[in-house]
Amino acid sequence: MFRFKNSRQVKAVLGASCGVAACLAVSMAASPASADEAAKLLTIAASAAPGSLDPTKTSNGGVQSFYQELAYAPLLDKDAKGNLVAGLASKWGWEPGAEGTRFDLTIRKGALFADGEPVTATAVANSLNFFAKNGSGPTAASYSTWKVTAKGGDQVVIETSKPSPILADLLTPYNVGGNIMSPKGLADPAALATATFGAGPYVYDPAQSVAGDHYTYTPNKNYYDRDKVKFDKVVIKVVANNNSALQALRSGQIDLFTGDPTQVASVKRSNLSVISAPSGFAALFLVDWKGTLVPALGNQKVRQALNFAIARADIAKVVFGDLGKPLDQPNTPGWDAYSLALENTYPYDVNRAKKLLKEGGYPNGFTMNILYTAFEPTSTKVIQAVAQQLSKIGVTVNLTGASNFTELNADLASKKFSGFAMMWGGQTQFANTNQLWQPNSSANFFRNSVDGLDPAFAAYLSSTLATRSATAQAVQKVIVDQALTVPIALVQSPWFANPKLKGFALDPTGNPVGPVYWSK
């Protein structure tokens, strides 16, 4: 229902007869809101519609997370300092003597799903097991080995076949699986795509929504902490063009969106709020590193050549301005995998790139098909620049845009593309490896193994707190040496907000705190 072939179709749904900001102005002018009404209405602009409202199929990070966070309560949450705080779980921790493999939760007493059913240990266990079995989003692989059982009315035990050092983080909204689905939702999986079945502060209201255009959420009368429900209505408006979104923010028609770094100066001149932090990176992720589609990519020297051919500093400056800097590894500072020793591994060197192509057996280059997130304007600019620079060493890149994450996953699953380009959030080595480079990873569509990865990752999983960073960075070195990605730029993603919006903040990893912390 939410599938679009390209960004033009998204814009067509928004309305062909007027620009987005103009359409918003017309609709709001017809029924002007009082100051009190405006304080009770929160409007967020998103660059793309959700591929699905189903938590097992959604993406994580940025505005895309809000489609879920508004309606689904997580087991654990994070505050603005990055600390774990209670959600549907009131207590949590590793079982003594079973750290890394057995995790216990105590479920909050009295919590209800929006449909009135109680949030019990059995309901939580069933939701987690359902996600572990059916999850297909970017975080799904991290849950695939879980076995979850209920003990009594409020005790839940999570067992993993392999150590999971970030299990608690996987129960927070950013990683999606901890957003608990009700028994009614699990009983009708098809309905999860177009309705919400959570215990969060709001409920998706299809009667006030138009798929592909705007998504309206109203208060959940059964939410366990009604004092945190600050708005009478939350609307996520799909605005594909960042300039239109900025016009709407200036005129007070929206309250929040994540925009283009090149807009920062203009936003500040408008006395609007700018909130930013290092939160992710732009990269080309290769999935055909064994050369199934394009034999050239099966050669390590060829993949390294791609990295040497990129003028990272130039792209970072042009696309992201002061909010971007060159990046040689697929992660961001502050996470266990990020290594200072790997900085500047691939300095810009066209001659060296051509030499490696020749040594790899492809002196005249080759052609590859790459999918990219057309709904991310900055990611689009980055991959277009990358394609232009790779052409200088004889590598032709055919680009195809996906207009939402569901389309991106479906097209990659067709195995017609050698890689994908998008913005990616920083995270632990455990999450990155499980999502990208294991044979069963959700983004490893060719189910390839990585030379040298298994022993390095095993050492990471069995490491102590004192040695975890060193072992995580040893895994990172394998990934960088094998050139499985072409990282481009470390980015501070800017959020632009109505100054009246209070409580919106980014945690130390650059992710926004949830809507329960906001007010106007």
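A few points about this structure:
- Unique match (being surrounded by fewer than 16 Cβ atoms within 10 Å (Cβ to Cβ), on the phi > 0 side of the Ramachandran plot and out of contact with any Ser or Thr (no Cβ under 7 Å at 6 or more places or on another chain)) among G212, G252: G252
- Scope region 238-249; condition in contact with a strand residue (DSSP E or B) (Cβ under 7 Å, 6 or more places away or on another chain) and either open to solvent by 30 Å² or more (accessible area, probe 1.4 Å) or farther than 19 Å from S47 by Cβ (or both); matching residues: none
- Screening the candidates V234, V203, V229, V287 for the property of being closer than 30 Å to V480 by Cβ, modelled with pLDDT of 95 or more and in contact with a Phe, Trp or Tyr (Cβ under 7 Å, 6 or more places away or on another chain) yields one hit, V287.
- Counted residues, region 415-429 - those being at pLDDT 90 or above and open to solvent by less than 30 Å² (accessible area, probe 1.4 Å): 8
- Selection status of N344, out of contact with any Cys (no Cβ under 9 Å at 6 or more places or on another chain), without any contact (Cβ under 8 Å) to a residue 24 or more places away in the chain and assigned to a loop (DSSP other than H, G, I, E, B): yes
- Entry remark, region 200-209: residues being among the aliphatic types (A, V, I, L, M) and surrounded by fewer than 19 Cβ atoms within 10 Å (Cβ to Cβ) number 1 in total.
- Hits in region 353-376 - residues which are assigned to a helix (DSSP H, G or I) and open to solvent by 40 Å² or more (accessible area, probe 1.4 Å): K354, K355, K358, E359
- Within region 136-149, the presence of at least one residue that is under 14 Å from D54 (Cβ atoms) and in a helix (DSSP H, G or I) is confirmed.
- Of everything in region 293-332 that is in contact with a Gly (Cβ under 8 Å, 6 or more places away or on another chain) and part of a loop (DSSP other than H, G, I, E, B), the residue that is surrounded by the most Cβ atoms within 10 Å (Cβ to Cβ) is N331.
- Residue in region 111-118 that is in a strand (DSSP E or B) and either touching a helix residue (DSSP H, G or I) at 6+ places or on another chain (Cβ under 6 Å) or at pLDDT below 95 (or both) present: no
- Yes/no for S142 being at negative phi, among the polar types (S, T, N, Q), in contact (Cβ under 8 Å) with a residue 60 or more places away in the chain and open to solvent by 20 Å² or more (accessible area, probe 1.4 Å): no
- Leading residue by the ranking (farthest from the chain's Cα centre (by Cα)) among those in region 503-520 that are outside any loop (DSSP other than H, G, I, E, B) and surrounded by 21 or more Cβ atoms within 10 Å (Cβ to Cβ): V516
- Residues being touching a helix residue (DSSP H, G or I) at 6+ places or on another chain (Cβ under 9 Å), open to solvent by 40 Å² or more (accessible area, probe 1.4 Å) and at pLDDT below 95 - total across region 60-101: 3
- Test: residue in region 161-177 that is open to solvent by 40 Å² or more (accessible area, probe 1.4 Å), modelled with pLDDT of 95 or more and either touching a Gly at 6+ places or on another chain (Cβ under 8 Å) or of a type in the set (A, V, I, L, M, F, W, C) (or both): no
- Residue match in region 102-112 (condition: open to solvent by 20 Å² or more (accessible area, probe 1.4 Å) and of a type in the set (G, A, S)): yes
- The lone exception for P278 - which of (1) in a strand (DSSP E or B); (2) at pLDDT 90 or above it fails: (2)
- Region 462-489 residues that are within 23 Å of A283 (Cα to Cα), paired with ones that are open to solvent by 50 Å² or more (accessible area, probe 1.4 Å) (beta carbon under 7 Å, 6 or more apart): Q482/Q300; Q482/D451; A483/Q300; A489/K325; A489/P326
- Failed condition for Y224, given (1) part of a loop (DSSP other than H, G, I, E, B); (2) more than 19 Å from T106 (Cβ to Cβ); (3) at pLDDT 95 or above: (2)
- Total residues in region 394-414, condition closer than 16 Å to I310 by Cβ and open to solvent by 20 Å² or more (accessible area, probe 1.4 Å): 4
- Answer from D225, D232 - the residue that is surrounded by fewer than 17 Cβ atoms within 10 Å (Cβ to Cβ), in contact (Cβ under 8 Å) with a residue 60 or more places away in the chain, over 22 Å from A89 (Cβ atoms) and not small (G, A, S): D232
The values are calculated or read from the model by the stated rules, or taken from the named source; none is laboratory data. Note that the coordinates shown come from a computational prediction; the quantities given were computed from them, not determined experimentally. No Cβ is skipped: glycine too gets one built from the backbone with ideal geometry, and neighbour counts run over all protein chains shown. Accessible surface is based on the protein model in full, side chains and every heavy atom, while ligands, DNA and RNA are left aside. Shrake-Rupley method; radii C 1.70, N 1.55, O 1.52, S 1.80 Å.
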